[in-house]
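The values are calculated or read from the model by the stated rules, or taken from the named source; none is laboratory data. Just so it is clear, the structure is predicted and the values come from calculations on it, not from any experiment. So basically every Cβ, Gly included, is an ideal-geometry build from the backbone, and we count neighbours across all protein chains shown.
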Amino acid sequence: MHSQSSPRSWEDNLADEKKSTYGKVAVAAVLINLFGLVTSLFTMTVYDRVVPNNATSSLIGLSIGLAIIVVFDFILKLLRAYFVDYAGAQIDLEVGERVFSRLLAIRMDLKKGSTGSLTGLMRELEALRDFFASATMTAIVDVPFILVTLVVVFLIGGSVVLVPLIAIPIVVGVGAFTQPAMDRLSARSMGEGLAKQSVLVEAIGGLEMVKTAGAGPLLKKRWALAVERHSDSSLRQRLISTIGVTTATSAGTISYAGVVIVGVELIAAHDLTMGGLIACSILAGRAVAPLAQISQLLSRITSTRTAYRQLNQMMEMPPEGPEGEALLLTAPKGKLEFRNVSFRYPGAPEKALDEVSFIVEPGERVAILGRVGSGKSTIARLVLGLYPPEDGLVMIDGTDIRQLDPSNMRSHIGAAMQESVLLTGSVRENIILGRPGMDDEEMMRAAELSGTHQFMGQIANGYDLRLADRGEGLSGGQRQSIAIARALAGKPQILVFDEPTSAMDTQTETALIQRLQQEMAGRTFMVITHRPPLLQLVTRVILMDKGKVIMDGPRDEVLKQITRPQKAA
């Protein structure tokens, strides 16, 4: 066995992108703001020096200088936009990959919410990306230049600077006043958005059942209620956000008018020139303008903070596998052991397994029988490490599976579970799934063993046939056949089948059993089933009832004891 170290925290990538990319954005923003000051000074110089003296040659020189600045300003704004968009793309690539990987590694016993809620949660990553890739993000860099701009206004117009100085605190105060309400509404809107997404995914995923069972009216009612609640909270959130943005816009207009009014008085007192007034009015507008963006940014920050909290809750949930370095299985012998294992599904009142103990030796073939709800399928899930035991040990080759790397461990187990789920893609991809190095010869061998080749070999595009979502268009038996081929491909040492032939007809099942007889030789095989024909593949039977092992022994002896009361009757 080998060990494997744990990955970096997901925020590491986010922090890296902020440091590297926004450093470049800051440099570009500094130069752009300086160029903005130069433009205002150009206007003042033209009105105060060029126009009174008809200095055409000076105007030409100033115009050439301004043209050069405009060109550089244009280039820098393009670069700034590129850097911001690049940050968003990197968040999608790097952070998105980590978040999706964590979603795949989420512990089933800690999974909260429905499939739709988790789907909606992944969408919140877009809120993070939109924040770091939004134009309003650059307003953060522009804020320090408000002070620089005010200093320049003071140097040119003196007391004129009082007008924007009064307007700025008003805008900031309104933003601070509305922020708590924005936080509450953002969290509420996100929760209701996830609820709406949950209804949608549930309806689409079970559309066939919805139609056949007449569940449409119920889901329509749920959808209408979810949309109404989400629309209401979103409307309130946008309304409060609009208050801040509108306040900033109005403050900009009032600031401009106030500068002109005060400036006229200063011109009359010969304390300000016409060029100085125009420059001050332009600069006052530049000082207040970022505040409108800041108001929009505050709204985005609220949504982003809520999205971050939701994502961080998932990212902080312990993933599958050990906390430290995980052990890697190299060539497992296939010994399975349950030692005093108890397990209860999250929220369930009763234990699914209660003090279960048994050993399956390497190469042994075992069937697990029992009534519905007796804990049979739970044993398969624990062998695959989908859930950790509440008490006791589940071991492979004498090693607690909680010490093993889950993905590596499952690569040595061929599993065909009760629900045969196929992914969108070709039949070939669904058989090879997760094992890209597998050649066509091995894929065909598994397909022939499972019976998949009998129906795929007669189709023109064969194994390149594209399957729809969850394998729609195929019969239940065909989906099971592909799932069995997937389990057999690569010759894993351990095979775990849970009702693998429940959707097959008797003839197909009999042919499959005959083909599997030789395939099972030397490999550990565990099958959960209600169908007697599958018992031909095993030499031992474990009988479960109410989460306990009530009988364990050679197949024929156990079956004889099970059927004896029926014969006596």
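Pull out all pairs, ordered by first then second residue, where Cβ-Cβ is under 9 Å, the residues are six or more apart or on different chains, the first lies in the stretch 221-234 and is touching a residue at least 60 places away in the same chain (Cβ under 8 Å), and the second is part of a helix (DSSP H, G or I).
Pairs found: none.
Has the stretch 354-361 got any residue that is in a helix (DSSP H, G or I) and over 29 Å from GLN517 (Cβ atoms)?
No, every residue in the stretch 354-361 fails to be in a helix (DSSP H, G or I) and over 29 Å from GLN517 (Cβ atoms).
Kindly evaluate LEU266 against the criterion of being over 30 Å from PRO180 (Cα atoms), part of a helix (DSSP H, G or I), in contact (Cβ under 8 Å) with a residue 12 or more places away in the chain and not assigned by TED's automatic domain parsing to the domain that holds ASN408.
Judged against the criteria, LEU266 is a match.
Which pairs have Cβ atoms under 6 Å, sit 6 or more apart or on different chains, and link a residue in the stretch 71-84 that is in contact (Cβ under 8 Å) with a residue 60 or more places away in the chain to one that is among the charged types (D, E, K, R)?
PHE83/LYS24
Okay, residues lined up against (1) under 32 Å from the mean Cα position of the chain (by Cα); (2) outside the structural domain of ALA287 (by TED's automatic domain parsing); (3) over 30 Å from ALA279 (Cβ atoms); (4) among the β-branched types (Val, Ile, Thr):
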site	(1), (2), (3), (4)
VAL174	no, no, no, yes
ALA181	yes, no, yes, no
LYS196	yes, no, yes, no
VAL199	yes, no, yes, yes
PRO217	yes, no, yes, no
ASP232	yes, no, yes, no
LEU235	yes, no, yes, no
ILE240	yes, no, yes, yes
TYR256	no, no, no, no
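List the number of the failed condition for LYS376; all other conditions in (1) in contact with a strand residue (DSSP E or B) (Cβ under 8 Å, 6 or more places away or on another chain); (2) under 28 Å from THR330 (Cβ atoms) hold.
Every listed condition holds for LYS376 apart from (2).
Could you grab me the full set of residues in the stretch 314-352 that are surrounded by 12 or more Cβ atoms within 10 Å (Cβ to Cβ), assigned to a loop (DSSP other than H, G, I, E, B) and more than 33 Å from the chain's Cα centre (by Cα)?
Answer for the stretch 314-352, where residues must be surrounded by 12 or more Cβ atoms within 10 Å (Cβ to Cβ), assigned to a loop (DSSP other than H, G, I, E, B) and more than 33 Å from the chain's Cα centre (by Cα): PRO332, LYS333, GLY334, LYS335.
So in the stretch 188-227, with the set limited to residues that are of a type in the set (A, V, I, L, M, F, W, C) and touching a Lys or Arg at 6+ places or on another chain (Cβ under 8 Å), which one is modelled with the lowest pLDDT?
Top of the filtered list is ALA195.
Quick one: in the stretch 392-413, of everything that is in contact with a helix residue (DSSP H, G or I) (Cβ under 8 Å, 6 or more places away or on another chain) and part of a strand (DSSP E or B), which residue is farthest from LEU329 (Cα to Cα)?
VAL394
Determine which member of the set ILE68, ILE140 is modelled with pLDDT of 80 or more, of a type in the set (Val, Ile, Thr), surrounded by fewer than 20 Cβ atoms within 10 Å (Cβ to Cβ) and out of contact with any strand residue (DSSP E or B) (no Cβ under 9 Å at 6 or more places or on another chain).
ILE68
Consider VAL171 carefully, then state whether it is touching a helix residue (DSSP H, G or I) at 6+ places or on another chain (Cβ under 7 Å), surrounded by 13 or more Cβ atoms within 10 Å (Cβ to Cβ) and modelled with pLDDT of 85 or more.
no
Taking PHE100 and the conditions (1) within 30 Å of VAL172 (Cβ to Cβ); (2) of a type in the set (Phe, Trp, Tyr); (3) modelled with pLDDT of 75 or more, which numbered condition does it fall short on, given that it satisfies the others?
Condition (1) is where PHE100 drops out.
Name the one entry in PRO436, PRO389 that is part of a loop (DSSP other than H, G, I, E, B) and touching a strand residue (DSSP E or B) at 6+ places or on another chain (Cβ under 8 Å).
Of PRO436, PRO389, the one residue that is part of a loop (DSSP other than H, G, I, E, B) and touching a strand residue (DSSP E or B) at 6+ places or on another chain (Cβ under 8 Å) is PRO389.
For the stretch 1-9, state whether one or more residues are surrounded by 13 or more Cβ atoms within 10 Å (Cβ to Cβ) and at pLDDT below 60.
Yes; the residues of the stretch 1-9 include at least one that is surrounded by 13 or more Cβ atoms within 10 Å (Cβ to Cβ) and at pLDDT below 60.
Name, by its number, the condition in (1) surrounded by fewer than 23 Cβ atoms within 10 Å (Cβ to Cβ); (2) more than 15 Å from SER40 (Cα to Cα) that does not hold for ILE278.
Here ILE278 clears every test but (2).
Taking the stated definitions as given, is LYS211 among the basic types (Lys, Arg) and free of Cβ contacts under 8 Å to residues at least 24 places away in the same chain?
It is true that LYS211 is among the basic types (Lys, Arg) and free of Cβ contacts under 8 Å to residues at least 24 places away in the same chain.
Just give me the residues in the stretch 512-538 being surrounded by 14 or more Cβ atoms within 10 Å (Cβ to Cβ) and either among the acidic types (Asp, Glu) or under 26 Å from SER342 (Cα atoms) (or both), in sequence order.
Selection gives GLU519, THR524, PHE525, MET526, VAL527, ILE528, THR529, VAL538.
Does SER426 meet the test of being free of Cβ contacts under 8 Å to residues at least 12 places away in the same chain, surrounded by fewer than 21 Cβ atoms within 10 Å (Cβ to Cβ) and among the polar types (S, T, N, Q)?
no
For the stretch 254-266, which residues satisfy the criterion of being surrounded by 14 or more Cβ atoms within 10 Å (Cβ to Cβ) and not hydroxyl-bearing (Ser, Thr, Tyr)?
Answer for the stretch 254-266, where residues must be surrounded by 14 or more Cβ atoms within 10 Å (Cβ to Cβ) and not hydroxyl-bearing (Ser, Thr, Tyr): ILE254, GLY258, VAL259, VAL260, VAL262, GLY263, LEU266.
Which pairs do you get when a residue that is under 15 Å from VAL496 (Cβ atoms), found in the stretch 385-397, comes within reach of a residue that is polar (S, T, N, Q) and surrounded by 21 or more Cβ atoms within 10 Å (Cβ to Cβ), reach meaning Cβ atoms under 6 angstrom, with the pair 6+ apart or on two chains?
none
What number of residues within the stretch 528-565 satisfy the criterion of being within 43 Å of the chain's Cα centre (by Cα) and polar (S, T, N, Q)?
Matching residues across the stretch 528-565 total 1.
Which of the residues that make up the stretch 439-459 are of a type in the set (S, T, N, Q) and in a loop (DSSP other than H, G, I, E, B)?
Correct list: GLN458 only.
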